[in-house]
Structures are given as C-alpha cells and as structure tokens.
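A short reminder: the numbers here are calculations on the coordinates, not readings from a lab. All figures in this text were calculated on a predicted structure; none of them were measured in a lab. So basically every Cβ, Gly included, is an ideal-geometry build from the backbone, and we count neighbours across all protein chains shown.
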Amino acid sequence: MRLSRYFLPVLKENPSEAQIVSHRLMLRAGMIRQQAAGIYSWLPLGYRVLKRIEQIVHEEQVRAGHIPLLMPTLQSADLWRESGRYDDYGEEMLRIKDRHKRDLLYGPTNEEMITDIFRAHVGSYKDLPLTLYHIQWKFRDEIRPRFGVMRGREFLMKDGYNFDIDKDAALHAYNRHMVSYLRTYERMGLTAIPMRADSGPIGGDDTHEFLVLAQTGESEVFYDDRVTQLKLGGRAVDYDNWDEVAGVCTEFTTLYARTDETHDAALFEQIPEAHRKVGRGIEVGQIFYFGTKYSEPMGATVVNDKGERVPVHMGSHGIGVSRLLGAIIEASHDDKGIIWPEGVTPFPVGIVNLKQGDGAADVACDSLYAALTTQGLEPLYDDRNERAGAKFATMDLIGLPWRITVGPRGLEKGVVELTSRRTGESEEMSPEAAVARLVQIYAAHR
Ligand code: P5A
C-alpha cells in the first residue's frame, strides 16, 4: 500500500477524551472513530489489525477441531423466554420491536440461539462431540462504556459452544478451549493468564477468565508471579488426547491465579512472599462449563447408546476480539506510539523513502515494494513528499515492527537500513538481504 493513496487520518494532538494509552493511540493512529458512546467505526488501519486477529482466532479454533458458522446479530426474544434469561438479563440487553410489534434483541451472547440450532438438527450421541463457533458483533448496553474498544457497547466476540454426551466429555471440550486460547494469545504476542473466576449471567460452576496483566485493567488480580513465565511455545498438542490436553491445563492452572471474585486470602498467603503479586488485568476471554442449564429447559437432547433421551452437556467460550486490540497496545507501546507484535501487525514492514523524487531512491523503493509483495509481505510505503522526521514519526506512531529506510546516500553504497521498532536498532544491508531477513522473521508468524 502506498501511503499517498491510503486513508490514514493520524491526529497530531492527544485526544482529550481518551483516558488510557491504548485508546489514545488508536485514535491518534487513525484506527477507529467513535460514532456514539461505545460504538466505533473501524478505519482502514484498525480494520486490518481486527482482521488479523480474527484470522488467528479462526486458525486456532479450526486446529482444535471446532467448526465455524455465522449466526445473526438480531435474535427473537422468544428464544430467551425459553431459557428464562429474557427477564433476567436486565438493562444491558438492547431490546427492539419490529414493524409487526414482535420483540427482538441485539444479541449480547448466543447460548439460546445455538441451542435452538442444535435441537433442530442433532438427535443422536453419534453426532457428538460437536463444537460450533462464530465471530460476530455483540451489543451490551454497558452502563459505563469506556477506554475505547476495551469496554464498548458494540464489540466483536468469538463465541463457541460445545455439545457433549456427558460431563467428562464436556470438561475435555473446556480443556481443549483453554489450550486453544493459550495458543491464540501467544500468537498475538500476549501473555494471557487463565484465572479461576465467577460465571455471572452465563452460569455454571467451572469458569476461567484469561487476563493480560496491565495497570489499566479493570479486574483486580492475585497471582503467583511464576505463572507469567509459563509458555506453550511451538508445542504440538493432540487435541483428541484427553490426558495430554488436561496435562497442559494443569500446568497452566496449578499456580495460584484468581480474580477478586474468587480470591482466597488464606490460599494466597501460602505463596512464597517473593512471588505473591497483586495487580490488575484485562479480561480477553472466558470459558464456561454449565452442563444442562440451557439444554434442559430448551429440550436439546440426544439418544444415548442405551436408547435413552438425555440432555446434552454444554459450555460456552468467548474471546474479546475487538478488545484484544486495546489489550495488545496496552502491553506493547512506548512514548512514540504502538509497537505491534509481528503476529497481528497491519503491515509487516514500512518503507520510508528519504528523498521522494530522487530517481535512484524511487526506483529502489519500487523494487523493494515489488519484492516484498511477491513474498506475501505487503509493505506500507511512505511515498509522500514529507520531511524524513515526519515520516519516521508516523511510522513510530502506527507501530509497524520493521522499517526499511531508503536514501540516496545509502544507495551509493548499495545499502538500505532495516530498523526494529521494538529495539530501535538499525542495520545496513543490501535491499535483497533486507527482504530475505523479513521473510525469515515472518516465517515464524504465519
Ligand atoms: C462465552 C461466549 C460470554 O459471553 N457466552 C458466549 C460467553 N462470555 S463473556 O465473558 O461475557 O464475554 C466474552 C469476552 O468478550 C469480551 N467482552 C467485551 N469486549 C469489549 N467490550 C465489552 N463490553 C465486552 N464484554 C465482554 C471479553 O473479552 C470477554 O472475556
């Protein structure tokens, strides 16, 4: 993409409405625009990151054996009357009437709708296990929408629902989600810690939230700091192997890590003092096992191997897709701007032409552009007639992890400069070597 032809409305001034750094940087980098309280347009740069995050979520869900579909944003109130949640949900639910005076709502979550799909089409234990998911906009009329996309009213969620024959099988689905979430967040460059939590209006006893540690987080968290060192790494996990999947979950949930909702002071005291930490975290996901809470009242049953009709055991599992942009920026920025992890960056690399209009520099930039694009690494090429300082400031603000700087002086020696946004370190090398280096770096993130 050539910056001269792109739409990147960066702001020079700090927007006064933004209280936390991620919100400020998303506005300044021209990623989002607020349309009403807690409701945002996704401008091209923000939209690219959102799509990258969705892509990683899809890949890891499919890897775990989960099946994508798409349910609508609007739902019939009748479904929610069946589960009993229509009245319980309260003011957070946006209720709508159509022209026939029928009650609709903008879905805050989809347990009822997926249960309806299941009961219409599945009748035998032979069709289990089954996990369906989608990535769809939700609406919750939050009393205090704030911090930009972090607590929106309209927000994008990945929500998945498992259907299993009994509790053990459903707990395996729960564990499988935990492992797939750990992989998902790691690919985004995040450390998200599973913490025992409270289930709220979704229901059930077993639930974990995934928290990214950050001063600006809305949840208070209590943890053994050795938990922050745990990594899945490139480990291949066989999602059909119950013991292996449970083993990974044990590894990640044995050290004490809880939100204030389930905090146990006596247990906390048992952590060696040097490792005992109280902090704040951003909730980027939550998984639930709730058994037959929806299948029983809604008649989602299957015939088991003894010929009896039994309600299925279910759980639901959510990732805050749009919130993740905020969480990643909170975890990865400096005073100049955003620092995107390679896994989610809107463009893998930026090209800065120090002397637009200089024949040699223009030709070198064009051929770098073509070579990177051929390798599947579409660059953002700053081809505007601007001062070098302004071009660097824009690149630093929008946070592409790598920058190639091209200027007449370097080209005389046959070199360009490859700079890491994270470390600020630069290295001179031939344009070909710079492309080869980037291909190598990104190979690990694709
Ligand atoms: C699980 C999937 C559920 O709704 N039903 C379907 C279950 N869980 S949850 O914890 O309530 O939400 C899942 C994740 O969505 C994000 N989230 C939000 N993101 C932005 N703005 C909001 N107002 C908002 N509310 C929830 C969180 O990341 C949460 O973990």
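Using the Cα gyration tensor of segment 352-410, with a ≥ b ≥ c the square roots of its eigenvalues, what is the shape: rounded (a/c below 1.5), prolate (a/b larger than b/c) or oblate (neither)?
Note, shape of segment 352-410 comes out oblate.
Calculate, for LYS355 and THR423, the FRET efficiency according to 1/(1 + (r/R0)^6) with r their C-beta to C-beta distance and R0 35 Å; round to the nearest 0.05.
On the way: r = 26 Å, r/R0 = 0.74.
It comes to 0.85.
Pairs of lysine in segment 77-182 with Cα under 29 Å and at least 8 positions apart or on different chains: total?
For segment 77-182, the number of qualifying lysine pairs is 8.
Using R₀ = 22 Å, calculate the FRET efficiency as 1/(1 + (r/R₀)^6) where r is the Cβ-Cβ separation of LYS51 and ARG2; round to 0.05.
0.65
Between SER199 and GLU92, what is 0.36 nm times their sequence separation minus the Cα-Cα distance? Round to one decimal in nm.
So the chain would gain 36.9 nm between SER199 and GLU92.
Which value results for Rg/Rh of segment 399-446 when Rg is the Cα radius of gyration and Rh the Kirkwood radius based on the inverse mean 1/r?
On the way: Rg = 11.1 Å, Rh = 11.2 Å.
So for segment 399-446, dividing Rg by the Kirkwood Rh gives 0.99.
Taking Cα atoms, how many degrees apart are the long axis of helix 359-374 and the longest axis of the chain, rounded to 10 and kept between 0 and 90?
Rounded to the nearest ten degrees, it is 20.
What do you get for trypsin sites (Lys or Arg not before Pro) in segment 170-269 restricted to DSSP loop and a cutoff of at most 15 other Cβ within 10 Å of the site's Cβ? Let's see the in-between values first.
Details: sites: ARG176, ARG183, ARG187, ARG196, ARG226, LYS231, ARG235, ARG258; in loops: LYS231, ARG235.
Those that pass, being in a loop and sparsely packed, are LYS231, ARG235.
List the pair-distance distribution P(r) of the chain, using every Cα-Cα distance, as the percent of pairs falling in each 20 Å bin from 0 up to the bin containing the longest distance, rounded to whole percents.
Calculated over all Cα pairs of the chain, the distribution is 23, 50, 23, 3, 0 percent.
Below 20 Å, Cα to Cα, which lysines can LYS413 reach? Residues fewer than 8 away in the same chain don't count.
LYS355
State the extension gain, in nm to one decimal, for the chain segment bounded by ARG146 and GLU220, taking 0.36 nm per residue of separation less the distance between their alpha-carbons.
Stretched fully, the ARG146-GLU220 segment lengthens by 24.9 nm.
Rounded to the nearest 0.05, what FRET efficiency do LEU70 and ASP127 have when you use their Cβ-Cβ distance and R0 = 25 Å?
Efficiency for this residue pair is about 0.75.
Under a plain spin-label model, where a point goes 7 Å from the Cα along Cα-to-Cβ, how far apart in nm are TRP242 and LYS306?
Inter-label distance under the simple model: 1.7 nm.
How large is the helix-only mean residue ellipticity at 222 nm for the chain, computed as the sum of -39500 (n - 2.57) over DSSP H runs with n ≥ 4, divided by its residue count, in deg cm²/dmol to the nearest 500?
-10000 deg cm²/dmol
If you add up the charges near VAL321, with Lys and Arg at +1 and Asp and Glu at -1, over every other residue whose beta carbon is less than 11 angstrom from its beta carbon, what do you get? Don't jump to the answer; show the numbers that get you there.
Values: positive: LYS51, ARG52, LYS138, LYS158, ARG323; negative: GLU54, ASP159.
Residues near VAL321 contribute +3 overall.
Averaged over every viewing direction, what's the projected area of the C-alpha convex hull for segment 194-288? Give it in nm², one decimal, please.
Average of the hull's projected areas for segment 194-288 equals 7.1 nm².
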